[in-house]
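Written out below as structure tokens is the structure these notes cover.
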Amino acid sequence: MISNIGHQATAQLYNHPQTSEFEKYQKNINKIKPAEGIKICLGANRPLLGHGGILLTPYCKRINGVNEVTNIDPSLAPEGKHLIMCHQTLRSNDIQTEIKFGLDDVKDIFQDQEYELLMVQTYHSDWPVNRAGTGPKPGNTTPIERLYIVGDGARGKGGIEVEGIAMGVNNTLSIIDQLTD
Ligand SMILES: Cc1cc2nc3c(=O)[nH]c(=O)nc-3n(C[C@H](O)[C@H](O)[C@H](O)COP(=O)(O)OP(=O)(O)OC[C@H]3O[C@@H](n4cnc5c(N)ncnc54)[C@H](O)[C@@H]3O)c2cc1C
């Protein structure tokens, strides 16, 4: 059985006797903290970045990076328009203040260029950016025989975002391969 909702949420779906192995597992997975963030989407009638890469913004208060996704896939906006996504980390529980910092950054980044604010989305709690942020790497196995965890709650070491998910899937396939050898 393979789950992609993370170790913690999966562990809530089954009962297990409190063996020392299971207690150790629970202690480990309790250390996992999600990566939380805010995304600010802008629309523009002409390109604001003009490339398909990521503009890194270390000088900003909150925004970490910006990309103009319509330079890769124009169908993500009405014809002739552009969609710009600004990504920021969530540094406190005061979401409205965090959003304000992000919107201040938007003004700093784009200055007098013309754009419209389309929406602000927040990702935290049960709907984070990644179920496991940087830090503990819980692996793909569980104390339950043949129950595996893949996805962004069990990414491979060093893997970022969906690359990390693919590393976890590869690792799980190797473990299953060894079982069937
Ligand atoms: C705003 C934002 C921007 C991102 N940008 C990038 C990016 O640029 N590049 C990148 O690589 N990654 C990015 N990510 C991260 C990436 O989207 C996620 O890491 C990835 O989609 C997670 O995939 P998953 O299969 O692990 O989990 P999910 O896709 O979340 O799948 C888990 C599924 O399980 C369902 N579920 C939950 N509980 C249960 C239950 N009890 N029973 C049955 N089903 C259940 C959920 O509804 C969900 O459909 C971004 C994420 C966000 C939020």
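The values are calculated or read from the model by the stated rules, or taken from the named source; none is laboratory data. It should be emphasised that the depicted structure is a prediction, and the values quoted were computed from it without experimental measurement. Cβ atoms come from the backbone with ideal geometry, glycine included; neighbour counts cover every protein chain shown.
Summary table below
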{"quantity": "Test: D73 is out of contact with any Cys (no Cβ under 8 Å at 6 or more places or on another chain), free of Cβ contacts under 8 Å to residues at least 60 places away in the same chain, more than 18 Å from I38 (Cβ to Cβ) and surrounded by fewer than 15 Cβ atoms within 10 Å (Cβ to Cβ)", "calculated": "yes"}
{"quantity": "Residue list for segment 22-36, restricted to those being exposed (fewer than 11 other Cβ atoms within 10 Å of the Cβ) and touching a residue at least 60 places away in the same chain (Cβ under 8 Å)", "calculated": "K31"}
{"quantity": "Checklist (1) in contact (Cβ under 8 Å) with a residue 60 or more places away in the chain; (2) surrounded by fewer than 14 Cβ atoms within 10 Å (Cβ to Cβ); (3) not assigned by TED's automatic domain parsing to the domain that holds I54 applied to L117, failing item", "calculated": "(3)"}
{"quantity": "Condition met for K39 (surrounded by 14 or more Cβ atoms within 10 Å (Cβ to Cβ), within 22 Å of I165 (Cβ to Cβ) and at pLDDT 95 or above)", "calculated": "yes"}
{"quantity": "Selection status of Y123, of a type in the set (F, W, Y), within 23 Å of the chain's Cα centre (by Cα) and farther than 30 Å from S174 by Cβ", "calculated": "yes"}
{"quantity": "Candidate set from segment 129-149 (those that are in a loop (DSSP other than H, G, I, E, B) and in contact with a strand residue (DSSP E or B) (Cβ under 6 Å, 6 or more places away or on another chain)); member that is nearest to N15 (Cα to Cα)", "calculated": "N140"}
{"quantity": "Odd one out for A154 among (1) modelled with pLDDT of 95 or more; (2) within 25 Å of N28 (Cβ to Cβ); (3) aliphatic (A, V, I, L, M); (4) within 11 Å of the ligand (Cβ to nearest atom)", "calculated": "(1)"}
{"quantity": "Test set (1) surrounded by 14 or more Cβ atoms within 10 Å (Cβ to Cβ); (2) touching a His at 6+ places or on another chain (Cβ under 8 Å) - N45 fails condition number", "calculated": "(1)"}
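Table: residues versus (1) closer than 27 Å to D126 by Cα; (2) of a type in the set (A, V, I, L, M); (3) touching a Leu at 6+ places or on another chain (Cβ under 8 Å).
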| position | (1), (2), (3) |
| --- | --- |
| A11 | yes, yes, no |
| Q18 | yes, no, no |
| F22 | yes, no, no |
| Q26 | yes, no, no |
| N30 | yes, no, no |
| P74 | no, no, no |
| A77 | no, yes, yes |
| D94 | yes, no, no |
